[in-house]
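The values are calculated or read from the model by the stated rules, or taken from the named source; none is laboratory data. All values reported here derive from a predicted model rather than from experimental measurement. Here the Cβ positions follow ideal geometry from the backbone for every residue, glycine too, while neighbour counts run over all protein chains shown. Side chains are part of the model used for accessible areas, which takes the heavy atoms of the whole protein and leaves out ligands, DNA and RNA. Shrake-Rupley method; radii C 1.70, N 1.55, O 1.52, S 1.80 Å.
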Amino acid sequence: MVEKSRIMDSTSMKRALRRLSTEIAETNQGADDLYLVGIRRRGVPLAERIRDKIEQIEGVKPLYGILDITLYRDDLSTVGANPIVNRTELEEDIDGKTIVLIDDVLYTGRTIRAALDQLMDFGRPKRVQLAVLIDRGREHRELPIQADFVGKTVPTKQTEIIKVMLKEFDDVEAVGIFERP
Amino acid sequence: MKKPYRRRDLLGIRDLSPAEIVGILDTAETFTEISSREVKKVPALRGKTIINLFFEASTRTRTSFELAAKRLSADAVNISVSSSSLSKGETLLDTALNLDAMAPDCIVVRHSSAGVPHQLAKVSQAAIVNAGDGSNEHPTQALLDAMTIREHKKHIDGLEVAIVGDILHSRVARSNIHLLTKLGANVRIAGPGTLVPGDLASFVSDGLTVCPHVEDALHGADVVMILRIQRERQDSAYFPTLREYSIHYGLTNDRLDLARKDAIVLHPGPMNRGIEIASDVADGSRSLILDQVKYGVAVRMAVLYLASGSPTGN
């Protein structure tokens, strides 16, 4: 895949995550009962970073969890048979909590739909909010899902792919636009 | 990331690579969490149909497969031999073709003859899962045994595993010998001479020892796997009496003391208490017999998911 342009480097990513963390803390008036849930894979390290930053700002560590939405996908047959399933880990009951779902890119909204379905199987949160590092814009949305907190909105074509690169998986911290092969 | 298992059917452990076995076990591990939830169900196999075709009576295995299918939101249909057309003279092949025409995604089959799942796999469009075929294999039992061992010992490689009892008739033993030796365990076999097949040495290349006395197999073992005495097969007098079998081969606490202090005890069930296993061992702290049942559901969820995770079953 050819990278057409780089829209975030390590510094701008840090800045965006700092702003997202501040907005989440301000909107929810602190970190009490706040439950950050990262969506595998790249939502997980982003959720960890946001949790650390909220702890620095508020002095309280939000609750934390990981969702693996593989078994809730509606496109098992089109992504190829039997995607690898990983664990879902929620450190505490979600009933009555304010959940902030965290993912790297918001595109069609189907991943978030799957995550919401899964969350509801685990309990009844007080409310669920959505934070993403990159929003590809409403024109790509296939479901009525919007983010509450956005690091950067990037209008893209269907033929393009946005890749959030994190040191945990890619040895580099950046966001790039690639042409779909 | 590599996919753990790319086959359509699960016919036996013999043909699987160690990586495929580990892949199934890893997938099963992620499914254990689902059974501990309040809502024990995920939509992964919604719209898929799974037929449990059992030509031999089985409560535990059939229920385990049925629960596994339902926890993945598949529609499960149970067919037992007494209600099937086979009793009206239909051939096995015709039964299979008729079921196939109803377009199931997966058929789980148990039969008293070895090789039946393999035959069905040749003619069926559905994925075939072997739930036990004669004295040949019982792959999901071996997988759940391996999962139980892995959950408690954290590894399988290098473990000393004693398998005691009726090896000759045991598909559980065969599948376990394949699986455990492929994953690097040392397997010691012990049982009455009439119930230990002579060709075991050619069964696997290494990692297998046939012990002359049960005590030799148990000495220093990390895992003790006791096989059920198949009382229905004892017409041929493989040993004089059940009482004598119990005296010479039954697992008592005294015999278990020969194994390591942290040894675990497995039994595929149903147990003949007081014959192959003493009640105080079966109910003791080292017994993981109910854990095996628990992990059985997770293993079967993983197998059904991997076998029928796409519209074609491929």
For chain B, what relative contact order do you get, as a whole percent, if you take Cα pairs closer than 8 Å and at least 6 residues apart? 22 percent
Net +/- balance of residues flanking residue B:300 in space, Cβ distance below 10 Å, scoring K and R +1, D and E -1: 0
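Evaluate the charge dipole of the protein assembly as shown about its Cα centre and quote only its size in Debye, nearest 20, assuming +1 on the Cβ of each Lys and Arg and -1 on the Cβ of each Asp and Glu.
Values: 65 positive and 68 negative charges, 217 e Å.
Rounded to the nearest 20 debye, it is 1040 debye.
Quick one: pull the percent of accessible area on segment A:90-180 belonging to carbon and sulfur, 1.4 Å probe, ligands and nucleic acids left out. Kindly include the intermediate steps, with their values, before the conclusion.
Numbers: 1930 of 4160 Å².
Answer for segment A:90-180: carbon and sulfur cover 46 percent of the accessible area.
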Hey, in the GNM for chain B with a 10 angstrom Cα cutoff, which one of B:97, B:208, B:227 fluctuates hardest? B:97
Using +1 on the beta carbon of Lys and Arg, -1 on that of Asp and Glu, and nothing else charged, what's the dipole of chain B about the Cα centre, debye to 20? 900 debye
What's the buried accessible area, both sides, between A and B using a 1.4 Å probe, rounded to 100 Å²? 1800 Å²
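Which percent of the accessible heavy-atom area of segment B:1-118 goes to carbon and sulfur, probe 1.4 angstrom? Please list the in-between numbers first.
On the way: 2870 of 5560 Å².
Here it works out to 52 percent.
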Which log10 I(q)/I(0) values does segment A:1-131 give at q = 0.15, 0.19, 0.21 Å⁻¹ under the Debye formula, counting every alpha carbon as one identical point scatterer? -0.74, -1.09, -1.26
Ratio of Rg to Rh for segment B:1-118, alpha carbon only, Kirkwood? 0.99
On the first, second and third principal axes, largest extent first, how far apart are the outermost C-alpha atoms of segment A:9-73 in Å? 35, 32, 16
Estimated FRET transfer efficiency when R0 is 35 angstrom, pair residue A:168-residue B:33 (beta carbons, to 0.05): 0.95
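Give me the inter-chain shielding for B:38-46: mean count of other chain Cβ atoms within 10 Å, whole number please.
Numbers: counts 4, 5, 1, 2, 8, 9, 8, 2, 3.
What the average comes to for B:38-46 is 5.
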For the pairs B:154/B:261; B:48/B:294; A:14/A:157; A:4/A:163; B:153/B:294; B:40/B:70, note any where the Cα-Cα span goes beyond 19 Å. B:48/B:294; A:14/A:157
Take the Cα atoms of chain B, find their three principal axes, and give me the spread along each one in whole Å, biggest first. 53, 47, 38
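Leaving out ligands and nucleic acids, and using a 1.4 Å probe, what accessible area per residue does chain B come to in Å²?
On the way: 12900 Å² over 314 residues.
Here the residues of chain B average 41 Å² of exposed surface.
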Quick check: pseudo-label points 7 Å beyond the Cα along Cα→Cβ at residue B:247 and residue B:113, how many nm apart are they? 4.1 nm
Given Cβ charges of +1 for Lys and Arg and -1 for Asp and Glu, the option among B:95, B:277, B:126 whose Cα lies farthest towards the positive end of the dipole of chain B is B:126
How much net charge surrounds residue A:62 when only other residues with a Cβ under 13 Å from its Cβ are counted (Lys, Arg +1; Asp, Glu -1)? -3
Of the candidates A:64, A:84, A:13, the farthest towards the positive dipole end of segment A:1-97 (Lys/Arg Cβ +1, Asp/Glu Cβ -1, centred on the Cα centre) is A:13
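Report the equivalent ellipsoid semi-axes for the protein assembly as shown in whole Å, largest first, defined as the square roots of five times the eigenvalues of the gyration tensor built from alpha carbon atoms. Don't jump to the answer; show the numbers that get you there.
Values: eigenvalues 487, 141, 76 Å².
Semi-axes, largest first: 49, 27, 20 Å.
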